[in-house]
Amino acid sequence: MSGSPAGPASLLARLAALDTCALSDALDGYGRAGVLSGVRPLWPVPRVVVGRVRTLRVGPREPGSGPTVHLGTRLIETAEPGDVVLVDAGGRTDVSSWGGILSTAATQAGITGIVIDGACRDIGESEQLGLPVFGRAVVPTSARGRIVQLGMDEEITVCGVPARTGDLLVADVCGAVVVPADLAEQVVELAERIAARERDMVAAVRSGRSVVDVMHDSQFPSPH
């Protein structure tokens, strides 16, 4: 699962040198969705978060079902260092899909970040642990008795973006982006060209060139 060849260390290192804006532009170039709109850092995360996706899907308990294992716990027990947990909570912000005890266990497992299409609680604990958490909201309301784990390591759709275990994820101050495993090499290569071109454009503006000319559409890289 998380040991997929889609995310070798060299590719993850290249992703860590990029930002979500360059990756968004590169995905645009290939006509692929990847930006998790509305998801943001829930504490002031000071670094770029990069990792291999592990998917988790949560939602309301089915009527008549009995007690169950707490959501996320089995995923954490099978996680590998460098994994990022991507939680499909359907955008729900009235109940927490992640909390402080899970963050403690995730840190011990070497998980590099949590990204939620929904809400979390105990954000102060996650910040003290240094575990990046991205999502839509922070709320005190417990998952217990309200939502349960419905699936793990299955294909999910988060913020309209399809995602699978083994995809790659980058999150920073601007938001979060899923890079599909089947296109990762191409997206990273194009994002690197975009980032390099934008550095040149900044230098050109600082040297006195007209921003109208510098930012002309013809100046931006494309896949071809």
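All conditions in (1) surrounded by 15 or more Cβ atoms within 10 Å (Cβ to Cβ); (2) at pLDDT below 95; (3) over 15 Å from residue 179 (Cα atoms) hold for residue 40, with the sole exception of (2).
If the condition is being part of a helix (DSSP H, G or I), under 20 Å from residue 155 (Cα atoms) and open to solvent by less than 60 Å² (accessible area, probe 1.4 Å), then segment 70-103 contributes 73, 75, 76. Here the strands (runs of 3 or more DSSP E) wholly within segment 119-203 that include at least 1 residues being open to solvent by less than 10 Å² (accessible area, probe 1.4 Å) and closer than 28 Å to residue 10 by Cβ are 133-135, 156-158, 161-163, 168-172, 175-179.
Considering (1) open to solvent by 10 Å² or more (accessible area, probe 1.4 Å); (2) in a loop (DSSP other than H, G, I, E, B); (3) in contact with a strand residue (DSSP E or B) (Cβ under 9 Å, 6 or more places away or on another chain), say which one residue 208 fails and leave the rest. Among (1) open to solvent by 10 Å² or more (accessible area, probe 1.4 Å); (2) in a loop (DSSP other than H, G, I, E, B); (3) in contact with a strand residue (DSSP E or B) (Cβ under 9 Å, 6 or more places away or on another chain), residue 208 violates only (3). Evaluate the following for residue 10: is it at pLDDT below 95, open to solvent by less than 50 Å² (accessible area, probe 1.4 Å) and farther than 29 Å from residue 125 by Cα? Criteria not met by residue 10. Name the one entry in 154, 185, 127 that is acidic (Asp, Glu), touching a residue at least 40 places away in the same chain (Cβ under 8 Å) and within 26 Å of residue 68 (Cα to Cα). None of the other options fit; the residue is 154.
Rundown of residues vs (1) part of a strand (DSSP E or B); (2) in contact with a Gly (Cβ under 7 Å, 6 or more places away or on another chain); (3) open to solvent by 20 Å² or more (accessible area, probe 1.4 Å), yes/no style:
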position: 24; (1), (2), (3): no, yes, yes
position: 28; (1), (2), (3): no, no, yes
position: 31; (1), (2), (3): no, no, yes
position: 50; (1), (2), (3): yes, no, yes
position: 53; (1), (2), (3): yes, yes, no
position: 105; (1), (2), (3): no, no, yes
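Does residue 159 qualify as being touching a Cys at 6+ places or on another chain (Cβ under 8 Å) and modelled with pLDDT of 95 or more? Taking the combined requirement at face value, the residue does not satisfy it. Among the numbered conditions (1) in contact (Cβ under 8 Å) with a residue 60 or more places away in the chain; (2) in contact with a strand residue (DSSP E or B) (Cβ under 9 Å, 6 or more places away or on another chain), the only one that residue 142 does not meet is (1).
The values are calculated or read from the model by the stated rules, or taken from the named source; none is laboratory data. As the structure is a computational prediction, the values presented were derived from the model and not from experiment. Positions of Cβ are backbone-derived with ideal geometry, glycine not excepted, and every protein chain shown enters the neighbour counts. The area values use the complete protein model at the heavy-atom level, side chains included, leaving out ligands, DNA and RNA. Shrake-Rupley method; radii C 1.70, N 1.55, O 1.52, S 1.80 Å.
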